[in-house]
Amino acid sequence: MSYQNPDVARVAEELMAKLDSLPDKKLILRDPLLRGLFDQLKTLPPQERALFGKEVNELRLKLNSLAGDGIVIEEQLPIDITAPWDVNTPVDKMPDFFPTEQGSIHPLMQEIESICNIYQRMGFMVEESREIDDDFHMFESLNFPAGHPARDDYDTFMTDEGLIAPAHTSTMQNRVLKKYKDSLEQGEPIAVVIPGRVFRNEDLDVTHEHTFYQLEGVYVGEGVNVGNLIATLGAFMNEYFSQQLKTKLQPFYFPFTEPSFEFAIERPTALKKGNTEADQWLELLGCGMIHPKVLKMADIDPEIYTGFAWGGGIERLVMMKHGIEDIRHFESGKLEFLRQF
Ligand code: DAH
């Protein structure tokens with residue numbers, strides 16, 4: 001038998017010569033030279049693998065028959081999971097290439113990108129949140145001292161060592177305030193948005209997930225007031241929904257803002273429902289003037305600087321935009337769902 005591949009041909013010749021001198025001929029099947037050919041197979045480019053594999057297998061079958069019937073070898077090559085096709089496929093039946101399917105960007109990531117893009121055009125920087133945090137950033141730095149009852153509203157997952165899966169992106173406030181404090185003191189306001197993944201101990205239903213996304217925003221400078229907060233969020237909403245919308249603030253409570261509000265917009269035309277008062281407004285996020293203690297916690301003097309912050313869920317916006325009825329689709333990994341975007 002002649003082998004086309006020179007390496008297989010050389011090993012075949014050497015092993016044939018060795019065979020006679022072996023006390024137990026079956027040992028030839030364990031020869032490192034033969035094993036070397038199988039190792040080599042894995043390193044070959046896919047186009048060369050099938051032919052090479054076929055010849056190595058032929059050599060092995062031949063040696064097996066010469067060594068007697070002591071060891072049973074399957075007729076087929078072992079399955080090579082790294083090969084792009086079955087290495088046992090006859091050469092003339094091999095496909096030219098394997099069809100691949102183009103993936104798509106997850107709808108949440110698309111939305112985060114477009115939201116950040118609008119804020120960037122408004123002069124905001126984008127920082128990333130984190131998925132594991134500590135008590136200081138989750139609570140202390142946001143004016144929830146130990147035992148504060150409002151901690152219960154942010155029931156999330158934590159380890160015995162005190163690591164916390166953040167229940168909101170506000171955990172990043174102290175970090176960005178500290179990071180940009182120097183430029184603030186040189187006269188440049190802090191303007192940052194922070195998208196991030198957050199976690200809560202929730203009873204799951206169509207509008208509640210244990211894992212979801214939020215976008216946090218922080219703006220600090222001299223003489224910043226509630227009017228700036230309303231104008232900034234209003235400008236964002238008009239751009240995002242491509243129409244001029246009425247907005248309103250409703251009083252609320254958060255330990256890290258004073259005063260605190262819920263920010264609502266008039267329902268955009270495309271999302272109009274019934275005619276009752278409740279149908280006219282969408283409550284979109286929490287916001288307020290940053291509490292002086294939160295500024296102090298980052299060594300920023302609240303006598304000189306004031307600022308506002310806001311935070312809200314991203315899934316909600318995407319669900320409204322695309323008419324998605326169940327929040328659980330996002331993390332389900334279902335391709336039928338994802339392929340629509
Ligand atoms: N972190 C709050 C939540 O998840 C939302 C929020 C409220 C963020 C007020 C803020 C804020 O930055 O100022 O419920």
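The values are calculated or read from the model by the stated rules, or taken from the named source; none is laboratory data. As the structure is a computational prediction, the values presented were derived from the model and not from experiment. In this analysis, Cβ positions are derived from the backbone assuming ideal geometry, glycine residues included, and neighbour counts consider all displayed protein chains.
Would you point out which residue out of G147, G123 is of a type in the set (G, A, S), at pLDDT below 95 and in a loop (DSSP other than H, G, I, E, B)?
Details: G123 fails: at pLDDT below 95.
After applying the criteria, what remains is G147.
What's the number of the condition L317 fails, among (1) within 15 Å of the ligand (Cβ to nearest atom); (2) of a type outside the set (F, W, Y); (3) over 19 Å from L142 (Cβ atoms); (4) out of contact with any helix residue (DSSP H, G or I) (no Cβ under 9 Å at 6 or more places or on another chain)?
So L317 meets the others, but not (4).
Return only the number of the condition from (1) over 30 Å from G323 (Cβ atoms); (2) loosely packed, with under 15 Cβ neighbours inside 10 Å; (3) under 23 Å from the mean Cα position of the chain (by Cα) that E185 does not satisfy.
Only one criterion in (1) over 30 Å from G323 (Cβ atoms); (2) loosely packed, with under 15 Cβ neighbours inside 10 Å; (3) under 23 Å from the mean Cα position of the chain (by Cα) is unmet by E185, namely (3).
Look at F252 and say whether it is over 25 Å from L177 (Cβ atoms) and free of Cβ contacts under 8 Å to residues at least 40 places away in the same chain.
On the way: over 25 Å from L177 (Cβ atoms): no; free of Cβ contacts under 8 Å to residues at least 40 places away in the same chain: yes.
Spelling it out, it is not the case that F252 is over 25 Å from L177 (Cβ atoms) and free of Cβ contacts under 8 Å to residues at least 40 places away in the same chain.
Sort out which residues of the range 34-50 are surrounded by 14 or more Cβ atoms within 10 Å (Cβ to Cβ) and in contact with a helix residue (DSSP H, G or I) (Cβ under 9 Å, 6 or more places away or on another chain), and write them in order of number. Walk me through it before giving the result.
Within the range 34-50, the subset surrounded by 14 or more Cβ atoms within 10 Å (Cβ to Cβ) is 34, 37-38, 40-41, 44, 46, 49-50.
Once the filter is applied, which keeps residues that are surrounded by 14 or more Cβ atoms within 10 Å (Cβ to Cβ) and in contact with a helix residue (DSSP H, G or I) (Cβ under 9 Å, 6 or more places away or on another chain), the range 34-50 yields L34, L37, F38, Q40, L41, L44, R49, A50.
Hey, can you tell me all the residues within the range 212-235 that are away from the ligand (no atom under 14 Å from the Cβ) and out of contact with any Pro (no Cβ under 9 Å at 6 or more places or on another chain)?
G223, N225, G227, A231, G234, A235
Count, please, the residues in the range 1-43 that happen to be of a type in the set (V, I, T) and not in a helix (DSSP H, G or I). Before you say what the answer is, go through the steps one by one.
To start, the set of residues in the range 1-43 that are of a type in the set (V, I, T) comprises 8, 11, 28, 43.
Narrowing the set further to residues that are not in a helix (DSSP H, G or I) leaves none.
Residues flagged as of a type in the set (V, I, T) and not in a helix (DSSP H, G or I) within the range 1-43 amount to 0.
Out of the range 231-267, which residues are outside any strand (DSSP E or B), crowded, with 17+ Cβ neighbours inside 10 Å and in contact with a Leu (Cβ under 7 Å, 6 or more places away or on another chain)?
Result: M237, P255, F256, R267.
Any chance you could count how many residues in the range 186-197 are free of Cβ contacts under 8 Å to residues at least 60 places away in the same chain and either within 19 Å of G313 (Cβ to Cβ) or within 11 Å of the ligand (Cβ to nearest atom) (or both)?
0
Do we find that V126 is of a type in the set (A, V, I, L, M, F, W, C) and under 18 Å from the mean Cα position of the chain (by Cα) in this structure? Steps first, answer last, please.
Values: of a type in the set (A, V, I, L, M, F, W, C): yes; under 18 Å from the mean Cα position of the chain (by Cα): yes.
So V126 passes the test.
Within the range 260-310, count every residue that is of a type in the set (V, I, T), within 15 Å of the ligand (Cβ to nearest atom) and within 16 Å of P189 (Cα to Cα).
The initial filter retains those residues of the range 260-310 that are of a type in the set (V, I, T), namely 265, 269, 276, 290, 294, 300, 304, 306.
Restricting the remaining residues to those that are within 15 Å of the ligand (Cβ to nearest atom) gives 290, 294, 306.
Next, from what is left, pick out any that are within 16 Å of P189 (Cα to Cα): 290, 306.
Going through the range 260-310 one residue at a time, the tally reaches 2.
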